[in-house]
Structures are given as C-alpha cells and as structure tokens.
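Bear in mind these aren't lab numbers, they're just calculated from the coordinates by the rules spelled out. On a predicted model such as this, the values are computed, not experimentally measured, just so you know. Positions of Cβ are generated from backbone atoms using ideal geometry, with glycine treated the same way; all protein chains shown enter the neighbour counts.
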C-alpha cells in the first residue's frame, strides 16, 4: 500500500507543478506593468501628495515673497539641521552703539534673538533675507512644514533630481520662489 | 559513399570528402553555437521578463536585441582575475574544458536529411561520452578557485551529474533498443511525421525521465544546485570574472541546445514533420523544448540537495530501469 | 604565524571543532540570502551545518543614543528607519509610548487612520517577505508578482504619508495628514483585488510540491524555544501559541474589530509561512471593517504637542504588533528637552537569536530556508 500512496503523492506533486506552469504561462500572455521611465513619467495627479524637498509658498500679496516671519521654528525643529534662515539685519540705531556687533554676526541668524531688541521706531523686516535648504541631509519627515505657524512651507513635487555634486542640493529657496513667481506671472501674461 | 563507417579497419584513414565536411561542419557549428547562445540568452531574459510582467531587455537596440552583444562585449573587456591561492592553470583550464566538448557533441546531430556533419553508428554514445566532460569542468572550476563556496558547488555538481547520467542513459537506451540502433539519423528516419508516430508516443516515460535528467545535467532550475545563488552565492563560478564566467554561461546554453536536440532526434521525430520535413522542423522542436526549460526555470523554486539525489536514486533510476526492462520484454514478444 | 592573525575578531573567537574535514565559511555580510549585512559564521561538515553563529552590528545606527540627544519631536524620522518594511508600526510604538507618558488624547478618527495605514503596511511587508523568501528558495518570479501588488499599496500609502518606504506619518496625538476620500475609495477597491490575487499565490507557490518539500518539517522552533529566546510574531504563532499584542493587550481601537489570530502547531518553516499568508487576509479583514466604521472628526488632537514640547517627568512603555513581532518602545523623561532614555525592543533581534539553535545539524539549503522564514530585517536587528 505504501508504494501506491507514494505514487499518488508523486502524481499530486506533478499536478501542482503543472498548475504552477499554467499560472506563469497565463501571466506570460498578460501585458507588462513596467513604466518605461524616461519615456513615461508619473502623472502629476499622483504627485499631489508626494513629499519632495520643501519649498516656500508665496504670500497672497506678493507671490515672490513668502509669508514667513522668521520665527526659526522650522530651523530648530529640523532633526537633521538642514534649514538655515538668514534674517535681515535689524535696523541700525546708533552707529556708535553698534560697534560691538557688526551686521555680519547677525547674518547667521542664530544669535540675535536674545540681544537687546532695537527700539521699535522702525519696524524690523520680518521676511527672511535668505532661506537655505541643504537637501543632502533632509529626511523628508515634514516636521518643518507642520510646525510653520504661518503655513509658509510646503512640499514640492520635484523628484527628477540627480547631480554628481553635493553642492547642487543646497537650495536657495527664496531664489526658487522668485523664479516660480516669475514663471507664474509670465504664464498669466500669455 | 559511406562516410559514416567508423568501424572501418583503419578509422584514421579519412577521405578528403570527410575532412572537408568535418572542417566546414565544425566552423558552421561554432558559428551556430555562438549565435544560438547569444539568441538564447536574449530569449531567456525576454521570457523571464514576460513571465514577470516586465519588458526584459529593452534599451539596447529595438526591443533590446543588442543587449546580449553588449553584455558579451562587456564580459570580454573585463579583467580576468585569478584569485590568490588558486591553481592558476586548472582555474583557467576549467571553462575551456567545459566549453570545447560542446562542439563535438554537435557533430552527430542530424539537423536534416542531408544537413549533418558526421553520421555515426554510435552517435548517441558519442554525445553521452562527451557530455561527461561537463562535470569535469565544474569540478575543476570549484576545486581550483580555492573558494569554499566553489568547493561546495563542485561537490554538488559531481554528485548531481554522476547520479543523473544513469537514468538519462537508461532512458536513451530504451529508445535505442526499440530501434536497434545508436545512430541518431536512423532513429529519426524510422519515426514518422505525425506526433503519434514519434517515439514520445511509444516511450512517454522515457521522454519524461530524459527531460528531467537533461534539466539536471545542464544545471538548469529547479536543479541548479551547483550554482544555487541564494545558498552558495554562485557556486562553482563564484570566483570567475569576465570571459571565464562568460564561457561557463555559453557552455550552459550550448549544453541546453545539445540535450534538446538529442531529445528532438530521439523522441520528437527530429526533422520529420507533418509537412515539408527539413531542418526547420528540427529547430522548431528544439526551440520549443528550450522554451519549456526556460518556462520551468522561472516558475519553480529550487529543490534541496538531498531531495535532488533522492529523486534520482529513488524514482528516476528504478523507473528508467523498469522502462528499459518493459521495452526489452515488449520487443522480445 | 604572521603578525596579523588570520580573520577578524569573530572568526578568531569562533573556535573550529578541530576536525580536519569541516569548513568554516562566512555567510555574509554580503550574501544573497541574508538580505542585508547580516553575517553568519557557519561550520560545515559537507553540506551539514555543525554550528553557526550570527554576527551583528554592521548597520548599527545608534537609534537609542540618537533618541537621547534630540528633542522628542525631532526623533520622529528615526522611528521610520528602524524597520523600513513596517515603518508605521514603529511610528505607532513611539507615538503610543509618548502619548502614554504625557497623557495625550488621540482623536478617534486618528486611531482608525492608524489602524488602516498600519495594517496596510503590514500587508505590504508580508508581501515583500513572501517574494524575498521565495527568492531565497530559488524561485525568481513570485517576488515580481508580490511587488506588483505591493506597488499599489505603496502608491496608496503615499497619498496620506507622502513617502513610499520610510514613513514618518504619525504624530503625538494623531497623524500628520487626513485620509482623503480618494484614498478610501481606492483602498476599498484594492481589498477585493488583493483577495482575488491570493488564490494565485496559493496555486503558484503554497501548493507547489517543491516548495512544500523545502519548508515542511524544516527549522523547528517550538513553543519552548520561543519562550527561551523571546520570539514573537509569526514565529511564535507558527509554534501554535496565539500570542498577538493586538489581542493580548489591545491598544488603540483593535478591540472593536473582529479578526482571528492564525496559529499553526507544526512549528516549522511552513507553519510560519502559512501564518503570514493568513495574516494578510486577516489584515484585509481589519481594514475592511475600519473603512466601514471610520468616524469623522479631527485627525490630530487639539492638544497635540508643539515642536518645542518636552514630555513630563516619568517613564512609559508601549508595545504594538509589528509584522515581525512585538515592537516595544520604552521612553523615560526627566522633564528635559530630550528623552532621558529611549529603548527599542525589536522582534527581529529575538527571532534571529534562535537561529543558531534551529539551524544546528541541518543542510545548508535548509539554513537559508529557516533564515528566510524568520523574516529578518537587518537594520531592525542592529537598530
């Protein structure tokens, strides 16, 4: 009896092998699912929620200027420290008193918070002078976008980026916004 | 003119006709093997692609037909690295030993009624004898490369090839018994044009055993144990670079053509077909078998080593023996 | 004897048995079947494994130490990178631990969103495992079919999370984005589609006699062994123990869903295989129920912590069921800007530790099969 059982099992096994061949044979006849990348790209509608690198959002009045108030929240929350905001230097009050702190020291945007605030005669410029993103270290967590109190940041849908140099991924987001605003107005004119 | 009579008193006396035929045939075979291996690699990758719902090679040339040529150029251009501690001579001898006998195995294959290189009374024997060289090359490759993975691969290759040669031989013998000849041409000619006149109709079990053993002999999946990528990284050819690996690759595909040609001649009626017999029927059948081999490779997982040997010694060998006995008895009656 | 002894620390300390006929080989760190940089030193007698010892630490990234020197919120991206295949479970474990510590309320909709996305991620993880396991066993095609289906899941998960692999989606007190109606629609279309694919998987692979022979009766990891090594997840369920954190200590809203814990008593590789295949179906069931009953409301709690928030003094521990087993985050706070201590309990680490015992005396090919059946993610082992 053992022999018959063995044979029956072997035949069952053979049948399973043929079933397997049938499945791959069927798949063989079906069309491929590969997207031929350079000739076909991902549709824009599929990129709406895609997280590319961050970019600045133009404010309502001036599309080339973000509503950013340089609160530095994004810069301090970034886990990788890849955002660097350059503030406008505070308005000069007395050239004599200002000797100790030359404007360059403020340019880093790191120290000046606790320094004695300038007398509020002239309103300080709140918009950033520069907004540098070092995309090399960004992990796209989205904490900066979420923590922005004035919704000045969003994700771009840019992902066709490749470059042999690291420097290419240090973005000046202010310049980017200006360029975007420029093309947007050009389109409107057309 | 009887050029096939190798049992003549002095086999070394050959007529100029025979010599010319041999030289021309060998040259043609070299071209055929090279071209076919290139085509087969492309076909294999396309088949794999289609089965896996992707296009396969696509970028080099239209539909990627130049891909294999580009790959070959790359392989030829690569540095040949001899690993430290290896036996340099044997190491580089192995791929050559693996590739050269393949030409000889093509000699007695009857492509068409008049398209053949040599017609020999012992054609089957010739092919089987030279097929044994393959295992020597794998063994040398694994041993000489001074790599532990290669060594395990070589040990597997030897056990597998030696084991599977026996049922293969027995299956072939059953056909030779029923025809009373070891001449492939004679066997083909005795079969008719229609499938029910082929030997596969009278010897289905022998065909099945032959095909399984052929898969194992050519180290094709699901029996690709000697190179088992996920276990032994690459088995016997782990250490080979450039054309060293390329020759093994080429030999694998050439061997596939040989076993499929033999299966076609022995079981599928060779160049005989329902209409217009000729080499095209032969090639069609060979390519059909090759496609089945590829289809199987991209469908099944790999068997385990002990299961492979168990399948051979516990199933194929007794079945082949029984088949041979049954054939003998049937012939006697 | 040269000045530099041969081999590295591990090979020198892996004492060969002194027999002439054994081979000591390195499986890894670059080996096709260790899926990453796991290294296993194996002593072989012919094809049989006499002893083996996993060597870890090739992708150690100090996730625990990193937790100690960055603020609570800044630690988020790390959670997605521990186990890149089931990143959302690690997200969840961290969220849960901190929410427990600080007593943050999570809106109900957020809990549902978490369940849906986490289970979807679990399905994608199991699909990838399925393909990769068959790749280990020498079948090249199934992984492509699995990737075809997984691609759809990744496309869907990209909609709320914005990324495709290392998600950083959950937040303290909710999630970072709401599920769109389009996502829910697409998901409810996807569930029947994946269900219709599963019979194909079964016919192609599960019923295949070659696969059966490769996984049945291979790599016994029984209940006792699981207990000794602390194995969880499909490994322990494959040993017949119905332990699943989702049922054993229900978190979030899992107690509202009706699902089964698949268990198989055979304790071999096939049992673990079947547990995962069944789990795909159970996860689909959970997602289906969650879609049907998802309430409206905010996806992020009003009291969700601001970026510069610090947790109150105390400690908390939170466990979730990941695709590989029980994931636990332990966080301790001294009230400072950064966590005082973050401890990660990764299931792959415990599951791997039983490999040395399970693989003793088996054939090399079986060791590959066992290793695959444990479903290891190497970065998770090393953390």
Looking at (1) away from every other protein chain (no Cβ under 13 Å); (2) surrounded by 14 or more Cβ atoms within 10 Å (Cβ to Cβ); (3) touching a helix residue (DSSP H, G or I) at 6+ places or on another chain (Cβ under 8 Å), which is the one condition that is false for residue A:166?
(2)
Selection from segment C:357-383 of residues that are in contact with a helix residue (DSSP H, G or I) (Cβ under 6 Å, 6 or more places away or on another chain) and not in a helix (DSSP H, G or I)
C:359, C:374, C:375, C:376, C:377, C:383
Look through segment A:25-71, keep the residues that are in a loop (DSSP other than H, G, I, E, B), in contact (Cβ under 8 Å) with a residue 40 or more places away in the chain and within 14 Å of chain C (Cβ to nearest Cβ), and return whichever of them is surrounded by the most Cβ atoms within 10 Å (Cβ to Cβ).
A:51
Filter segment C:161-173 down to the residues that are more than 7 Å from every other protein chain (Cβ to nearest Cβ) and touching a strand residue (DSSP E or B) at 6+ places or on another chain (Cβ under 7 Å) and list them by number.
C:169, C:171, C:173
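If a residue counts only when it is surrounded by fewer than 21 Cβ atoms within 10 Å (Cβ to Cβ) and within 21 Å of the chain's Cα centre (by Cα), which helices (runs of 4 or more DSSP H) contained entirely in segment B:141-218 have at least 3 such residues?
Details: elements: B:148-179, B:184-190, B:199-202, B:204-217.
Correct list: B:148-179, B:204-217.
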Applying the selection to segment B:71-102, what residues are buried (at least 18 other Cβ atoms within 10 Å of the Cβ) and within 30 Å of residue B:282 (Cα to Cα)?
B:71, B:72, B:95, B:97, B:98, B:99, B:101, B:102
Among the listed residues B:290, B:325, B:317, identify the single one that is free of Cβ contacts under 8 Å to residues at least 12 places away in the same chain, in a helix (DSSP H, G or I) and more than 14 Å from every other protein chain (Cβ to nearest Cβ).
B:325
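So which of B:263, B:251, B:275 is part of a loop (DSSP other than H, G, I, E, B) and either away from chain C (no Cβ under 14 Å) or surrounded by fewer than 21 Cβ atoms within 10 Å (Cβ to Cβ) (or both)? Break it down into steps so the answer makes sense when it comes.
Numbers: B:263 fails: part of a loop (DSSP other than H, G, I, E, B); B:251 fails: part of a loop (DSSP other than H, G, I, E, B).
Result of the check over B:263, B:251, B:275: B:275.
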Given segment C:207-253, what helices (runs of 4 or more DSSP H) lie entirely inside it while holding 3 or more residues that are within 14 Å of another protein chain (Cβ to nearest Cβ) and under 26 Å from residue A:17 (Cα atoms)?
C:209-215
Go through segment C:67-88 and give me each residue that's closer than 18 Å to residue C:382 by Cα and in contact with a helix residue (DSSP H, G or I) (Cβ under 6 Å, 6 or more places away or on another chain).
C:67, C:75, C:78, C:79, C:80, C:82, C:83, C:85, C:86, C:87
Only residues that are without any contact (Cβ under 8 Å) to a residue 12 or more places away in the chain and surrounded by 13 or more Cβ atoms within 10 Å (Cβ to Cβ): list them for segment C:249-261, please.
C:250
